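The values are calculated or read from the model by the stated rules, or taken from the named source; none is laboratory data. Here the structure is a predicted model, which means the values were calculated and not measured. So basically every Cβ, Gly included, is an ideal-geometry build from the backbone, and we count neighbours across all protein chains shown.
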Amino acid sequence: MPTPSPELIAEAILRLTAAAGPTASINPSDVAKELSPEAWRSLLSSVRREAAKLATAGDIEILRKGKPVPPEALHGVVRFRQVAR
């Protein structure tokens, strides 16, 4: 399976965070597994890269230990959450 485009990855992140709602969060691997169930691990860096772009644009929040962190601090164990509007 070819690597999903950045747009497809961003769309999946937005769709899954919206489905989870503003009080729940998703794991980056949830996005990767939806896009490529067999080769999801190879997508994790792309998922994180697109999540950082979405967070910079204000579309999602990146969480570490349940607290929002800036996109440039995207390392370690993180989760993504829809921005409450």
Count of segment 24-49 residues which are in a loop (DSSP other than H, G, I, E, B) and more than 26 Å from Ala84 (Cβ to Cβ) = 4
query = Give me the pairs: first residue in segment 60-81 and touching a residue at least 24 places away in the same chain (Cβ under 8 Å), second residue charged (D, E, K, R) and not in a strand (DSSP E or B), beta-carbon distance under 8 Å, and six or more apart or on different chains, which are they?
reply = Leu74/Arg48; Val78/Arg48
query = Across segment 51-62, what is the total count of residues that are part of a helix (DSSP H, G or I) and either polar (S, T, N, Q) or over 16 Å from Ser25 (Cβ atoms) (or both)?
reply = 2
inquiry  = Of all residues being over 20 Å from Ala19 (Cβ atoms) and of a type in the set (Asp, Glu) in segment 33-85, which is nearest to the chain's Cα centre (by Cα)? Just the residue, please.
reply    = Glu72
message = Looking at the structure I just gave you, is Ala52 surrounded by fewer than 20 Cβ atoms within 10 Å (Cβ to Cβ) and in contact with a helix residue (DSSP H, G or I) (Cβ under 7 Å, 6 or more places away or on another chain)?
response = yes
request  = List every residue pair whose Cβ atoms lie under 6 Å apart, where the two residues are 6 or more positions apart in sequence or sit on different chains, the first residue falls within segment 16-41 and is farther than 21 Å from His75 by Cα, and the second residue, located anywhere, is of a type in the set (Gly, Ala, Ser) and not in a loop (DSSP other than H, G, I, E, B).
outcome  = Glu34/Ala12; Leu35/Ala12
ask   = Of all residues in segment 68-85, how many are in a loop (DSSP other than H, G, I, E, B), at pLDDT below 90 and surrounded by 10 or more Cβ atoms within 10 Å (Cβ to Cβ)?
value = 1
request  = Have a look at Val69, Val47 and point out the one that is β-branched (Val, Ile, Thr) and in contact with a Ser or Thr (Cβ under 9 Å, 6 or more places away or on another chain).
outcome  = Val47
